[in-house]
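Worksheet: the structure to be examined is printed underneath.
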Amino acid sequence: MTVISSERITARVSEQIKQTLIAAADLTGATLNQFLVQAALEKAENIIEKDKLIHLSKKDALFFFNMLENPPEPNTKLINAVKNYRAHIK
């Protein structure tokens with residue numbers, strides 16, 4: 001038997017906001033609670049997804065892809081770091 005835990009979230013809103021939310025919920029065929037949870041969840045997922053994105057200007061994007069396609073030659077510090085890493089993982 002699976003027990004589903006649920007938590008209550010409350011919010012105080014004006015009557016006008018409540019009526020707007022009820023109207024929107026009715027249009028979608030959802031209860032007010034279902035509508036609020038779904039809308040809040042979609043907004044939360046969008047915010048989290050946006051946080052994962054890296055935004056670059058066109059100039060920065062071109063520079064980034066150019067560096068991927070044409071990386072510079074390794075310098076002394078990088079060569080020494082690779083040697084040090086290989087020595088420690090053996």
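The values are calculated or read from the model by the stated rules, or taken from the named source; none is laboratory data. These figures come from a predicted structure and were not determined experimentally. Glycine also receives a Cβ, built like all others from the backbone with ideal geometry; neighbour counts cover every protein chain displayed.
The rows are residues; the columns are (1) in a loop (DSSP other than H, G, I, E, B); (2) over 24 Å from the mean Cα position of the chain (by Cα); (3) within 30 Å of Phe65 (Cβ to Cβ).
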{"position": "Ser5", "(1), (2), (3)": "yes, yes, no"}
{"position": "Ala11", "(1), (2), (3)": "yes, yes, no"}
{"position": "Lys18", "(1), (2), (3)": "no, yes, no"}
{"position": "Ala23", "(1), (2), (3)": "no, yes, no"}
{"position": "Ala40", "(1), (2), (3)": "no, no, no"}
{"position": "Ala44", "(1), (2), (3)": "no, no, no"}
{"position": "Ile47", "(1), (2), (3)": "no, no, yes"}
{"position": "Asp51", "(1), (2), (3)": "no, no, yes"}
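Limited to segment 43-63, what total is found for residues that are surrounded by 10 or more Cβ atoms within 10 Å (Cβ to Cβ), of a type in the set (Asp, Glu) and under 30 Å from Ile9 (Cα atoms)?
Selection size over segment 43-63: 1.
Test Phe35 against the stated conditions and say whether it is within 30 Å of Lys18 (Cα to Cα), modelled with pLDDT of 95 or more and aromatic (Phe, Trp, Tyr).
Working: within 30 Å of Lys18 (Cα to Cα): yes; modelled with pLDDT of 95 or more: yes; aromatic (Phe, Trp, Tyr): yes.
So Phe35 fits the description; yes.
Report every pair of residues separated by at least 6 positions or lying on different chains whose Cβ atoms are under 8 Å apart, first residue within segment 16-27 and without any contact (Cβ under 8 Å) to a residue 60 or more places away in the chain, second aromatic (Phe, Trp, Tyr) and part of a helix (DSSP H, G or I).
What qualifies is Leu21/Phe35; Ala24/Phe35; Ala25/Phe35.
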